Amino acid sequence: MNKKLPITCPSCNSELKVQSLHCDECETTINGFYNLPLLLKLEQNEQDFIISFMQCSGSLKVMAQKLKLSYPTVRNMLDELIEKINNLQNK
Amino acid sequence: MIQILFNPFKYIAGIKSLLLGIAILIATSILAFYTNIHFPDVISVKSSSDFPYIYYLIQCISNWIVVSIVFYIIAILASPSKIRIVDIFGTQALSRFPYLIATLTGFSTSLDNFEKYIYYTILKTGEFADVTDYEIIISILIILFTLALTIWFITLMFNAFRTSANIKGVKSVILFIAGLLVSIIITSLITNQLIQII
């Protein structure tokens, strides 16, 4: 099952932090408080969009062909994502 | 399906929509010439006198160019994104498809008779015209059909503007209405000049 990484608290909607990391090989567990990396704060579809964009060498034209969407639609999606990332960085 | 009907620009824009849109504009002008339907401004559809073909062609092209230039200027001033001129012109040309269908209403003579009848009986002008019940029903259906096409056309224009200019929310509605009003004024003036020249 592909589990979704929760990024906000289901109780109060605040941003979650990483408290524990675990190694499956040697069963080591690290405890502490770590902030989630910026990319992990994005929704799964937004992360997929960024990966696809990189795989298309940052070409919106290729991206539009791949997603079967028009160029301005893909450009608008990218601009929305840029705005969201800027907001997250400025938090 | 509804998405494709009202916002095909999610899937098509740029050079593809421009070529398709220009084909639609030329087809509209040819049909308009044969059915005597003209577009005195960006959104009006009316029956016309017998004008030469060039009148319908210039009118279709100028309506499209004026509205595209107005929306392009608005997009440059108000959009947070880098705008491509081909998207604005292409999507605006494609959005004129409903008016290709609207020209077909000119094949019916019922509306002409009905119009003459209204002028003669209510406005007391023009020549006497008699209409049958069938012609009245057909005329009302044509008026309602044209109204539906106009609503479809304006929705397409709005979505074309919104998508190609990346302007959202209330701002997009206000700027669209303002741009449309400016375009209506400019294209009305062009049509007046065109009628005088021709």
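The values are calculated or read from the model by the stated rules, or taken from the named source; none is laboratory data. Keep in mind that this is a model prediction, so the values were computed, not measured. Backbone-built Cβ (ideal geometry, glycine too); neighbour counts: all protein chains shown. We work out accessible area using only protein heavy atoms, side chains counted, and drop any ligands, DNA or RNA first. Shrake-Rupley method; radii C 1.70, N 1.55, O 1.52, S 1.80 Å.
Listing for the model above:
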read-out: From B:ILE12, B:ILE24, B:ILE30, residue being open to solvent by 30 Å² or more (accessible area, probe 1.4 Å), closer than 12 Å to B:LEU94 by Cβ and in contact with a helix residue (DSSP H, G or I) (Cβ under 8 Å, 6 or more places away or on another chain); value: B:ILE12
read-out: Subset of region B:146-182 that is aromatic (Phe, Trp, Tyr) and closer than 20 Å to B:ARG84 by Cα - its residue that is most open to solvent (accessible area, probe 1.4 Å); value: B:PHE158
read-out: B:ALA129 being of a type in the set (A, V, I, L, M, F, W, C), open to solvent by less than 70 Å² (accessible area, probe 1.4 Å), touching a Phe, Trp or Tyr at 6+ places or on another chain (Cβ under 6 Å) and touching a residue at least 60 places away in the same chain (Cβ under 8 Å); value: no
read-out: Among the residues listed as A:MET63, A:MET54, the single one being closer than 21 Å to B:SER81 by Cα, open to solvent by less than 100 Å² (accessible area, probe 1.4 Å) and either of a type in the set (Lys, Arg) or in a helix (DSSP H, G or I) (or both); value: A:MET63
read-out: Residue within region A:12-20 that is of a type in the set (S, T, N, Q), under 30 Å from B:LEU94 (Cβ atoms) and not in a loop (DSSP other than H, G, I, E, B) present; value: no
read-out: Boolean, B:LEU100 is away from chain A (no Cβ under 12 Å), over 29 Å from B:ILE197 (Cβ atoms) and of a type outside the set (Gly, Ala, Ser); value: no
read-out: From the options A:LYS3, A:LYS41, residue that is of a type in the set (Lys, Arg) and either more than 13 Å from the chain's Cα centre (by Cα) or within 14 Å of chain B (Cβ to nearest Cβ) (or both); value: A:LYS3
read-out: Search result, residues across region B:98-126 that are of a type in the set (A, V, I, L, M), at pLDDT 85 or above and open to solvent by less than 70 Å² (accessible area, probe 1.4 Å); value: B:LEU100, B:ILE101, B:ALA102
read-out: Identity of the residue in region B:1-60, of a type in the set (D, E, K, R) and touching a Ser or Thr at 6+ places or on another chain (Cβ under 6 Å), that ends up nearest to the other protein chains (Cβ to nearest Cβ); value: B:LYS10
read-out: Residues of region B:125-144 satisfying the condition of being touching a Ser or Thr at 6+ places or on another chain (Cβ under 8 Å) and among the acidic types (Asp, Glu); value: B:GLU135
read-out: Test: residue in region B:72-91 that is closer than 21 Å to B:THR187 by Cα, crowded, with 21+ Cβ neighbours inside 10 Å and away from chain A (no Cβ under 14 Å); value: yes
read-out: Residues that are farther than 27 Å from B:ASN159 by Cα and touching a Cys at 6+ places or on another chain (Cβ under 9 Å), drawn from region A:25-78; value: A:THR29, A:ILE30
read-out: Region B:107-145: number of residues that are part of a loop (DSSP other than H, G, I, E, B), within 25 Å of the chain's Cα centre (by Cα) and either more than 24 Å from B:ILE30 (Cα to Cα) or β-branched (Val, Ile, Thr) (or both); value: 1
